[in-house]
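Contents: one structure, followed by commentary.
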Amino acid sequence: MSLLDNFGQPAIRQQLDTILSGNRMPHAMLFYGEPGSGVLPGALSLANDILCTSPVNGKACRQCTSCNRASKNIHPDLHFLLPLAGAKSLSTAFYEPWREAIAKNPWLNVFQWTQFCDVEGKQVDIHKEDIQHVTSDLSLEAFEGGNKVIIIWMAQFLAREGNRLLKLIEEPPDYTYFILISNQRERLLPTIRSRCMQIYFPPMEESEILKLLVDEYGTDKKSAAVLAKQSVQDMGRALTLSTNTLMDFKDEMADWFRAVISKKGKEIATWSDQMGKQDKEEQKQFVLYAIAFVRNILWAFSNDDQKKEVVEGAEMIKYLHEHYHPEVWHHISRGLETAHEKIARNANAKLMWLSLSITIKNQLMAYRLQHINA
Ligand SMILES: [Zn+2]
């Protein structure tokens, strides 16, 4: 088994099998779902089926030269359109880092991609010239004489430029297939959406994340179980946690809780100011880190020994778990989820952090366990 056979969404794989075996492959599809649900691994798997020169029941044989190339994402008829910084950038110039990035983590998010390209914090888009470049290629004969696949990763970055693709998606050249991928379907032009067969990827089951970590990434079962829990149904997150490349906000987290617990207004305000100044994506990453942190405190209340091991050594988590009623972490967790949405919607960040910090301070005061004070 490989990721191409099993990308952790068995129901969707089955749906694709039905389409392929019935020879009813549409020329434009839209895969959409939450980050970490596997829209890209799903698209890569389907692309391999489409590019295979000796398919079995419509599915990739995994043996021919085309399959071999497609599995490494180096098939000359497999094209990608990617969000990039700089209006003159062409996706083809970024194929090498792209292949490297998705070989490591095909569940990656846009923030990780910008980090990979060293353009962290910069505005990225799918640019006009890049679209023209890719589409002009499509009128040419396929290199391998078979099908062509164009994967448009994070198609919401097409924005209004999507209009340039309308006609192509509606009447594509022969043997040409578009797979659009998005974590924000609502940002796609309705005219684009309506021309695609749409498949929704639900958040991944924890059991599927666990299985992939063990089978594909060689993670031992015990750690995989912990990572699957911490991932919050996001496989990309599970992988980043497993390789420890997730941004480490340990210090920020500790400073924040120290400030709210001490109830010192000035420290809370300083911290909120600092966090509000950070890049928007970094703030979102911090929120995800904080949600996982809070979940860790909750686990400390369970009797599951395996989970306890994770939080041992984390002094602050231990302190928080001993001094506050578990109910408070549910409230704080919900507040953090709302914060994530607010950052995405361009809320005034410093004010948002200040008000969230004060709410958390009050919640902690209300749920502090009395016997500890005695
Ligand atoms: Zn094949």
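Pairs linking a residue in region 33-62 that is among the basic types (Lys, Arg) to a residue that is in a loop (DSSP other than H, G, I, E, B) and more than 10 Å from the ligand (Cβ to nearest atom), with Cβ atoms under 9 Å and 6 or more positions apart or on different chains, are ARG62/SER2; ARG62/LEU4; ARG62/ASP5. Within region 8-26, not a single residue is more than 16 Å from the ligand (Cβ to nearest atom), touching a residue at least 40 places away in the same chain (Cβ under 8 Å), small (Gly, Ala, Ser) and more than 27 Å from TYR217 (Cα to Cα). The sole residue among PHE143, PHE116 that is assigned by TED's automatic domain parsing to the domain that holds PRO26, without any contact (Cβ under 8 Å) to a residue 24 or more places away in the chain and in contact with a Pro (Cβ under 7 Å, 6 or more places away or on another chain) is PHE116.
In region 141-186, which residues are aliphatic (A, V, I, L, M) and part of a loop (DSSP other than H, G, I, E, B)?
ALA142, MET154
Just one of the listed residues (GLY58, GLY36) is farther than 27 Å from THR191 by Cβ, of a type in the set (Gly, Ala, Ser) and within 16 Å of the ligand (Cβ to nearest atom), and it is GLY58. Taking the conditions (1) touching a residue at least 60 places away in the same chain (Cβ under 8 Å); (2) more than 16 Å from the ligand (Cβ to nearest atom); (3) more than 20 Å from the chain's Cα centre (by Cα) in turn, HIS75 satisfies each one other than (2). Among the candidates ASP255, ASP279, ASP220, the residue that is in the same structural domain as HIS323 (by TED's automatic domain parsing), exposed (fewer than 15 other Cβ atoms within 10 Å of the Cβ) and acidic (Asp, Glu) is uniquely ASP279. For region 242-251, the condition holds for no residue, the condition being that it is within 25 Å of GLY276 (Cα to Cα), in contact with a Gly (Cβ under 9 Å, 6 or more places away or on another chain) and modelled with pLDDT under 90. For region 86-100, does any single residue satisfy the condition of being in contact (Cβ under 8 Å) with a residue 60 or more places away in the chain and more than 16 Å from the ligand (Cβ to nearest atom)? No, that holds for no residue.
The values are calculated or read from the model by the stated rules, or taken from the named source; none is laboratory data. As the structure is a prediction and not an experimental result, all values here were calculated from the model. Please note: Cβ atoms are built from the backbone with ideal geometry, for glycine as well, and neighbour counts cover all protein chains shown.
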